[in-house]
Amino acid sequence: MADADTLDLIQTLPLDSWHRARGGRMVPFAGYHMPVQYEGIMAEHGWTRESAGLFDVSHMGQLVFRGQGMDAALERLLPGDLIGLKDGRLRYSLLLNEAGGIVDDLMATRRGDHFYLVVNGATKHGDIAAFEAAGLQPEHLAGQALLALQGPRAVEALEPLAPGVAGLTFMQGGAFTIAGADAWISRSGYTGEDGFEISIPASAAETVAEALLSSELVKPIGLGARDSLRLEAGLPLYGHDLDQRTTPVMADVTFAISKRRRAEGGFAGAERILLELENGPVQKRVGFTLEGRQPVREGARILDGEGNEVGRVTSGGFAPSLGRPIGMGYVATTLAAPGTPLTLEQRGKLFPATVAPTPFVPHRYHRKGAA
Amino acid sequence: MSLYFTKEHEWIRVEGDTATVGISEHAQHALGDIVFAEAPEPGRQLNKGDEAAVVESVKAASDVYTPVSGEVIEANQAIADEPALINTDPEGEGWFFKLRLSDPSELDGLMDEARYREWSSKL
């Protein structure tokens, strides 16, 4: 249990009492009290895959960057094509250090005359410092809450409250009104399902959450299911699957490095990253499946056929939608091909595992051109 | 028959020299959805405080310690086949293992049911 001194440092989010009133079991996460579960992780996970789950992700950092030529200025740190990013479009990107290590992963949106970035909660203050050190002046929207509505029926639940959102495609956002509040809503998320992320003033968070929950399609979902959903979707979690020691090539998120940037370079860590793109990294992030039912967790050693350590598990758990344990971790690149047998070691016990393609559960995004 | 509890939220039901061990309602609630359980092999000699079994929820792994010493005489196959049984009936069908007690005096320091329920309700 955390002692009183620690508890004093943990902050509350706008929906704190709302979560507690709905039976949310609160835990400290990223410096905030957050709900890890309501009725149970398995039920919440299943509900999100079948209907629509409401997540409070107000711990995440929402940053605005204003100024002439901000796209080019951000490109000095991020490897994505921001100059070519159209208005109202999102791009997954990475904040890199000079050695090519990942300082954070994020979503960047061009919103008219400025850029809007959503960064991880645990890293937001460090990110702000890193941007400032690079001469940028992000405005931290500390007064904005962020909700995510995720699942195949999210659009059905949200369209009546925010007319027009059904017209968005995956990785597109726009300004809407929801329950009387001004909102920025994008078709994006962290579950592999269709869904939306909704940025609203903190003062409106409870009203909007209530309006969403009044739909029979929607239930509140905690951090526990958020983690199992993203793991099944093969999406890396910063601080676990990504950190300053991993590069985008090792982490297998090279889709975040656009074609033009590969040709031109000019972003933090470009020298190392472009070399790794050309020659391949020493280690690579892979997904794996396990026999049996016992999960293998973060920190377990990954061994080759001769018992040599070739990497570590960075995320591992039971996949509710698959009824079996899965995970991800780093292995020597020679062992990264799907189908490669691995041995995992956890607390002295050995587990046979197999490198598996990700996502483990297919993505069901609402892509442009899809029906 | 006597029922005892530990501060680690195990329960022990004693009939003659046989003790049945499981985890309490409070413990299953705290763990959440249980996806894996492994009880000790029959024949294994356990000393009080040994790690005897493993229980894993979606989120985390926990050890089950034996509150008393003895030889394992039976492991509950039902929890291996259906771990969720520990959630639905932790103090009944969801038992973990049975021991032949080697030192019944070890029971003396444990809580009875009334004391445990009162203590755990305040956690």
Boolean, A:S93 is of a type in the set (S, T, N, Q) and within 30 Å of B:Q28 (Cα to Cα): no
Suppose the filter is closer than 23 Å to A:D127 by Cα, part of a loop (DSSP other than H, G, I, E, B) and either of a type in the set (D, E, K, R) or touching a residue at least 60 places away in the same chain (Cβ under 8 Å) (or both); does A:D252 pass it? yes
Condition first: open to solvent by 30 Å² or more (accessible area, probe 1.4 Å) and not charged (D, E, K, R). Now tell me which residues in region B:111-120 satisfy that. B:A114, B:W119
Output yes when any residue across region B:79-94 is assigned to a helix (DSSP H, G or I), within 14 Å of another protein chain (Cβ to nearest Cβ) and of a type in the set (G, A, S), and no when none is. yes
Suppose we filter B:A19, B:A27, B:A39 for residues that are among the small types (G, A, S) and within 14 Å of chain A (Cβ to nearest Cβ); which single one remains? B:A39
Out of (1) surrounded by fewer than 19 Cβ atoms within 10 Å (Cβ to Cβ); (2) under 22 Å from A:T246 (Cα atoms); (3) modelled with pLDDT of 95 or more, the odd one out for A:G311 is which? (1)
Can you tell me which residue is nearest to A:V296 (Cα to Cα) among those in region A:216-247 that are in contact with a His (Cβ under 8 Å, 6 or more places away or on another chain) and more than 14 Å from every other protein chain (Cβ to nearest Cβ)? A:A233
State all residues of region B:33-73 that are within 14 Å of B:I12 (Cα to Cα) and either open to solvent by 40 Å² or more (accessible area, probe 1.4 Å) or in a loop (DSSP other than H, G, I, E, B) (or both); if no residue qualifies, say none. B:K48, B:G49, B:Y65, B:T66, B:P67, B:V68, B:S69
Out of everything in region A:1-17 that is hydrophobic (A, V, I, L, M, F, W, C) and modelled with pLDDT of 60 or more, what residue ends up being surrounded by the fewest Cβ atoms within 10 Å (Cβ to Cβ)? A:L9
Determine whether A:R297 is touching a Gly at 6+ places or on another chain (Cβ under 7 Å), farther than 18 Å from A:P357 by Cβ and modelled with pLDDT of 95 or more. yes
Within region A:290-336, which residues are β-branched (V, I, T) and either part of a loop (DSSP other than H, G, I, E, B) or more than 14 Å from every other protein chain (Cβ to nearest Cβ) (or both)? A:V296, A:I302, A:V310, A:T314, A:V331, A:T333, A:T334
Residues (touching a helix residue (DSSP H, G or I) at 6+ places or on another chain (Cβ under 7 Å) and either more than 14 Å from A:A256 (Cα to Cα) or not in a loop (DSSP other than H, G, I, E, B) (or both)) located in region A:84-107: A:Y92, A:S93, A:L94, A:L95, A:A99, A:V103, A:D104
Under 9 Å between Cβ atoms, which residue pairs at least 6 apart in sequence (or on different chains) link something in region B:54-71 that is in contact (Cβ under 8 Å) with a residue 60 or more places away in the chain with a partner that is part of a strand (DSSP E or B) and open to solvent by less than 10 Å² (accessible area, probe 1.4 Å)? B:P67/B:F5; B:P67/B:E10; B:P67/B:W11; B:P67/B:I12; B:P67/B:A19; B:P67/B:V21
Could you please let me know if A:M70 is more than 14 Å from chain B (Cβ to nearest Cβ), among the aliphatic types (A, V, I, L, M) and surrounded by fewer than 20 Cβ atoms within 10 Å (Cβ to Cβ)? yes
Any chance A:A256 is in contact with a Phe, Trp or Tyr (Cβ under 6 Å, 6 or more places away or on another chain) and away from chain B (no Cβ under 14 Å): yes
Which of the residues that make up region B:1-32 are among the aliphatic types (A, V, I, L, M) and part of a strand (DSSP E or B)? B:L3, B:I12, B:V14, B:A19, B:V21, B:I23
In this structure, is A:E276 loosely packed, with under 15 Cβ neighbours inside 10 Å and either out of contact with any strand residue (DSSP E or B) (no Cβ under 7 Å at 6 or more places or on another chain) or of a type in the set (K, R) (or both)? no
Would you confirm whether any residue within region A:239-259 is outside the structural domain of A:P362 (by TED's automatic domain parsing), over 20 Å from the mean Cα position of the chain (by Cα) and open to solvent by 20 Å² or more (accessible area, probe 1.4 Å)? yes
Qualifying residues in region A:332-359 (those that are among the small types (G, A, S) and open to solvent by 30 Å² or more (accessible area, probe 1.4 Å)) - the one farthest from A:V282 (Cα to Cα): A:G348
Test for B:D89: is it modelled with pLDDT of 95 or more and of a type outside the set (S, T, N, Q): yes
Being in contact (Cβ under 8 Å) with a residue 24 or more places away in the chain, open to solvent by 30 Å² or more (accessible area, probe 1.4 Å) and hydrophobic (A, V, I, L, M, F, W, C) is the filter here; which residues of region B:74-101 pass it? B:A75, B:A80, B:A84, B:W95
Do we find that A:P362 is under 24 Å from A:E193 (Cα atoms), in contact with a strand residue (DSSP E or B) (Cβ under 7 Å, 6 or more places away or on another chain), open to solvent by 70 Å² or more (accessible area, probe 1.4 Å) and of a type outside the set (D, E) in this structure? no
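The values are calculated or read from the model by the stated rules, or taken from the named source; none is laboratory data. Please read all numbers here as calculations on a predicted model, not as lab measurements. Reconstructed Cβ throughout: ideal geometry from the backbone, glycine too, with neighbour counts over all protein chains shown. Protein only, heavy atoms only, side chains kept; ligands, DNA and RNA dropped before computing areas. Shrake-Rupley method; radii C 1.70, N 1.55, O 1.52, S 1.80 Å.
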